[in-house]
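Data block below; observations after.
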Amino acid sequence: MDRESTEYRQLEQRLGRVHLQQRLGIEAEHATQIFGRGRTFFHIENWYSMHTLIRLTLRSLGLYQRGVRNAAALQIRRNDIVLSRLPAVFDGFTLLHLSDVHLDAHPAYPAALIERLRTVDYDVCVITGDFRAKTYGPYAATIAALAEVRPHLRRSVYAVLGNHDSIRMVSGIEQLDIFLLLNESVALERDGATLYLAGIDDPHYYQVDNFHKAAAAIPHDAAAILLSHSPEPYRLAAHAGFDLMLSGHTHGGQVCLPGGIALMTNAHCPRRFCKGHWRYHTMQGYTSVGSGSSVVGVRFNCPPEITLHRLRCPTARRDESV
């Protein structure tokens, strides 16, 4: 049996036959699909002639090189999140959140990310999808770029796939000691206490997210964090009992008006869920504007980020205020 057949059988056993067939079938047909499918009707990331037009327009306006420099100017954002069910021993537990790295989009991206990673400390790294620049085609360059970055991620890494990623990338990513959560969960242990981390497969374009499977092993009263490429299924996540949802996909608009007003978010949800910290009922969320860039490798009024989420217990915050 060849390697590809072995990997297929392993994925089928892990994900289920229907999930795998849906993923592979949609991947095969969507390469040039600009309209239709997914929770949004229009998919500019698949409209490659429009990408060329945008570049030419920016060059004619003398803005292109500035936008390219902006796209490599990664910022470090820090976000404290109080979780009512967080076990006391996890107070101060810090998640490094990367999203939409699109590492093969530009040679400068891996180096810019590595430079920032050298300056931060954290307990676990999470990546909310879109490792690849294009939405179809070869992905060897993506895996190679990720291999450059991985030695600089000094802790355990958990991730989900995005709408740019192929299910065929799973083996290559996990060989780099990055564990993908494909409608799965993992228990993080500390001094006898447990914090659960779950992940769903892409909910935006492929719509293969399965909350029942992702939350199946999580006790109903346990503290639980969800990784989702897009914030779009925020309602389902809240009603499934998650305390925190970490997402990306929107790029915060990437090209924004002064003040960070996005021209487009490419997500079928209210704009308040498309950037930064938000809350829905008892669940909190954070949508990263992303570490890389998509469609065209430029940014305006929306710098890329890596994010440090420090988890806090309510009692710890009260003690500090005394």
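Taking Thr287, is it surrounded by fewer than 23 Cβ atoms within 10 Å (Cβ to Cβ), in contact (Cβ under 8 Å) with a residue 24 or more places away in the chain and not small (Gly, Ala, Ser)? Don't jump to the end; show me each part of the working.
Working: surrounded by fewer than 23 Cβ atoms within 10 Å (Cβ to Cβ): no; in contact (Cβ under 8 Å) with a residue 24 or more places away in the chain: yes; not small (Gly, Ala, Ser): yes.
No; evaluated as a whole, the condition is false for this residue.
For the stretch 116-128, which residues satisfy the criterion of being over 19 Å from the mean Cα position of the chain (by Cα) and among the basic types (Lys, Arg)?
Across the stretch 116-128, the qualifying residue is only Arg118.
Is it true that some residue in the stretch 230-249 is within 24 Å of Leu11 (Cα to Cα), among the charged types (D, E, K, R) and under 16 Å from the mean Cα position of the chain (by Cα)?
No; the residues of the stretch 230-249 include none that is within 24 Å of Leu11 (Cα to Cα), among the charged types (D, E, K, R) and under 16 Å from the mean Cα position of the chain (by Cα).
Here are Cys302, Cys256, Cys313: which of them is within 18 Å of the chain's Cα centre (by Cα) and more than 21 Å from Val160 (Cα to Cα)? Quick ask: steps written out before the conclusion?
On the way: Cys256 fails: within 18 Å of the chain's Cα centre (by Cα); Cys313 fails: within 18 Å of the chain's Cα centre (by Cα).
Every option except Cys302 fails the conditions.
Can you pull out every residue in the stretch 129-142 that is buried (at least 21 other Cβ atoms within 10 Å of the Cβ) and either within 17 Å of the chain's Cα centre (by Cα) or among the basic types (Lys, Arg) (or both)? Talk me through it step by step, then tell me what you get.
Taking the stretch 129-142 and keeping what is buried (at least 21 other Cβ atoms within 10 Å of the Cβ), we get 129-133, 135, 139, 142.
Those that are buried (at least 21 other Cβ atoms within 10 Å of the Cβ) and either within 17 Å of the chain's Cα centre (by Cα) or among the basic types (Lys, Arg) (or both): Gly129, Asp130, Phe131, Arg132, Ala133, Thr135, Thr142.
Which is surrounded by 15 or more Cβ atoms within 10 Å (Cβ to Cβ), over 23 Å from Asn70 (Cβ atoms) and within 17 Å of the chain's Cα centre (by Cα), of Leu195, Leu98, Leu113, Leu180?
Values: Leu195 fails: within 17 Å of the chain's Cα centre (by Cα); Leu98 fails: over 23 Å from Asn70 (Cβ atoms); Leu113 fails: over 23 Å from Asn70 (Cβ atoms).
Going through Leu195, Leu98, Leu113, Leu180 in turn, just one is surrounded by 15 or more Cβ atoms within 10 Å (Cβ to Cβ), over 23 Å from Asn70 (Cβ atoms) and within 17 Å of the chain's Cα centre (by Cα): Leu180.
When only residues in the stretch 67-95 that are touching a residue at least 12 places away in the same chain (Cβ under 8 Å) and in a helix (DSSP H, G or I) count, which is nearest to the chain's Cα centre (by Cα)? Explain how you work it out, then say what you get.
Within the stretch 67-95, the first condition is being touching a residue at least 12 places away in the same chain (Cβ under 8 Å), and the residues that meet it are 67-68, 70-95.
Narrowing further to those that are in a helix (DSSP H, G or I): 67-68, 70-71, 88-90.
Values: Gly67: 22, Val68: 22, Asn70: 20, Ala71: 17, Ala88: 27, Val89: 27, Phe90: 23 Å.
Filtering first and then ranking leaves Ala71.
Considering every residue within the stretch 166-178, establish whether at least one is farther than 23 Å from Thr142 by Cα and among the hydrophobic types (A, V, I, L, M, F, W, C). Spell out how you get there, then give the answer.
Here is the first cut: in the stretch 166-178, the ones farther than 23 Å from Thr142 by Cα are none.
Scanning the stretch 166-178 turns up no residue that is farther than 23 Å from Thr142 by Cα and among the hydrophobic types (A, V, I, L, M, F, W, C).
Can you tell me how many residues within the stretch 205-238 are without any contact (Cβ under 8 Å) to a residue 60 or more places away in the chain, charged (D, E, K, R) and either crowded, with 24+ Cβ neighbours inside 10 Å or assigned to a loop (DSSP other than H, G, I, E, B) (or both)?
1
Are there any pairs with C-beta distances below 9 angstrom linking a residue in the stretch 108-121 that is farther than 18 Å from Gly297 by Cβ to a residue that is part of a helix (DSSP H, G or I), with the two at least 6 apart or on different chains, and if so which?
Going by the 9 Å Cβ cut-off, the qualifying pairs are Leu117/Val149; Leu117/His152; Arg118/His152.
Pairs please, first residue from the stretch 290-301 and surrounded by fewer than 24 Cβ atoms within 10 Å (Cβ to Cβ), second anywhere and of a type in the set (Ser, Thr, Tyr) and at pLDDT below 90, Cβ atoms under 8 Å, 6+ apart in sequence or on different chains.
Listed pairs, sorted by first residue: Val298/Tyr64.
Taking Phe179 and the conditions (1) touching an Asp or Glu at 6+ places or on another chain (Cβ under 6 Å); (2) under 23 Å from Ile306 (Cα atoms); (3) among the hydrophobic types (A, V, I, L, M, F, W, C), which numbered condition does it fall short on, given that it satisfies the others?
(1)
Tell me which of these Val186 doesn't satisfy, since it passes every other one: (1) part of a helix (DSSP H, G or I); (2) among the β-branched types (Val, Ile, Thr); (3) touching a Leu at 6+ places or on another chain (Cβ under 6 Å).
Exception for Val186: condition (1).
So which residues in the stretch 254-263 are in contact with a helix residue (DSSP H, G or I) (Cβ under 9 Å, 6 or more places away or on another chain) and surrounded by fewer than 24 Cβ atoms within 10 Å (Cβ to Cβ)?
Of the stretch 254-263, the ones in contact with a helix residue (DSSP H, G or I) (Cβ under 9 Å, 6 or more places away or on another chain) are 254-255, 260-263.
Scanning the stretch 254-263 gives Val255, Gly260, Ile261, Ala262, Leu263.
Taking the stated definitions as given, is Arg190 in contact (Cβ under 8 Å) with a residue 60 or more places away in the chain and farther than 23 Å from Ser228 by Cβ?
Numbers: in contact (Cβ under 8 Å) with a residue 60 or more places away in the chain: yes; farther than 23 Å from Ser228 by Cβ: yes.
Yes: the conditions hold for Arg190.
List the number of the failed condition for His204; all other conditions in (1) out of contact with any helix residue (DSSP H, G or I) (no Cβ under 6 Å at 6 or more places or on another chain); (2) at negative phi; (3) at pLDDT 95 or above hold.
Looking at each condition in turn, His204 falls short on (3).
Farther than 22 Å from Val157 by Cβ, at pLDDT below 95 and of a type in the set (Lys, Arg): which single residue out of Arg235, Arg317, Arg279 fits that description? If you could, list the steps in order and put the result at the bottom.
Numbers: Arg235 fails: at pLDDT below 95; Arg279 fails: at pLDDT below 95.
Unique residue meeting the criteria: Arg317.
Considering only residues that are among the hydroxyl-bearing types (Ser, Thr, Tyr) and part of a strand (DSSP E or B), look in the stretch 247-305 and name the one that is farthest from Asp221 (Cα to Cα).
Residues of the stretch 247-305 that are among the hydroxyl-bearing types (Ser, Thr, Tyr), as a first pass: 247, 250, 265, 280, 282, 286-288, 291, 293-294.
After this cut, where a residue has to be part of a strand (DSSP E or B) as well, the list is 247, 280, 286-287.
Details: Ser247: 23, Tyr280: 18, Tyr286: 22, Thr287: 25 Å.
Once the filter is applied, the top-ranked residue is Thr287.
If a residue must be within 21 Å of Gly199 (Cα to Cα) and in contact (Cβ under 8 Å) with a residue 40 or more places away in the chain, how many such residues does the stretch 134-152 contain?
Residues in the stretch 134-152 being within 21 Å of Gly199 (Cα to Cα) and in contact (Cβ under 8 Å) with a residue 40 or more places away in the chain: 2 in total.
The values are calculated or read from the model by the stated rules, or taken from the named source; none is laboratory data. Computed from a prediction, not measured in an experiment: that's the story for all the values here. Because the Cβ atoms are built from the backbone with ideal geometry, glycine has one as well, and the counts that use them run over all protein chains shown.
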